[in-house]
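Enquirer: Before we start, here is the structure in question, set down as structure tokens.
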Amino acid sequence: VIEPPSYGQKYFGGSIMVAAIVCYDYKGPLFFFVNDPGNNKTLKPFNLDKDVYINNLLPFWFDDLRNKGMIQGNKLVNGYLLQQDGAPAHTAKLSMEFLDENVGLENVISRTAKKLPPGDCREKIRAQWPANSPDISPLD
């Protein structure tokens, strides 16, 4: 992770993806992914994969949620739910197992990969994410 450009700083030749976690009474820290081609003339789009998701992004947010008392032990508390869409990084078996170990899938609204066997993560999650649901996706 690279520090984001400062306010007013011009940024040329790359791309920035920003990820966030928000709820009605909490705004988590922003996570910046910077794709800077440097000396490389070809710029490849940044791709959030399951490894980055479970090794960088989720631990970054979960540490903050633990510090705020929103995760106690390995469970979300006080009615908080984690909602995510069906991006491949989100629905990978390792990602779902990581979520189960850290916040409990009973506190997760998510699409699950069709390749997961029944009885695995698919039946534990609180609710399946409905397809094409911008009405419940305030950031979309």
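The values are calculated or read from the model by the stated rules, or taken from the named source; none is laboratory data. For clarity, every value in this text was computed on a predicted model and none was experimentally measured. Heads up: the accessible areas ignore ligands, DNA and RNA and are worked out on the full protein's heavy atoms, side chains in. Shrake-Rupley method; radii C 1.70, N 1.55, O 1.52, S 1.80 Å.
Enquirer: Could you grab me the full set of residues in segment 103-125 that are open to solvent by 50 Å² or more (accessible area, probe 1.4 Å) and at pLDDT below 75?
Expert: Lys114, Lys115, Pro117, Pro118, Gly119, Arg122, Glu123
Enquirer: Of all residues in segment 70-90, how many are more than 15 Å from Asp25 (Cα to Cα), open to solvent by less than 70 Å² (accessible area, probe 1.4 Å) and either more than 16 Å from the chain's Cα centre (by Cα) or of a type outside the set (Gly, Ala, Ser) (or both)?
Expert: 4
Enquirer: Still on this structure, please answer the following. Does Phe32 satisfy the condition of being at pLDDT 75 or above and in a strand (DSSP E or B)?
Expert: In short, yes.
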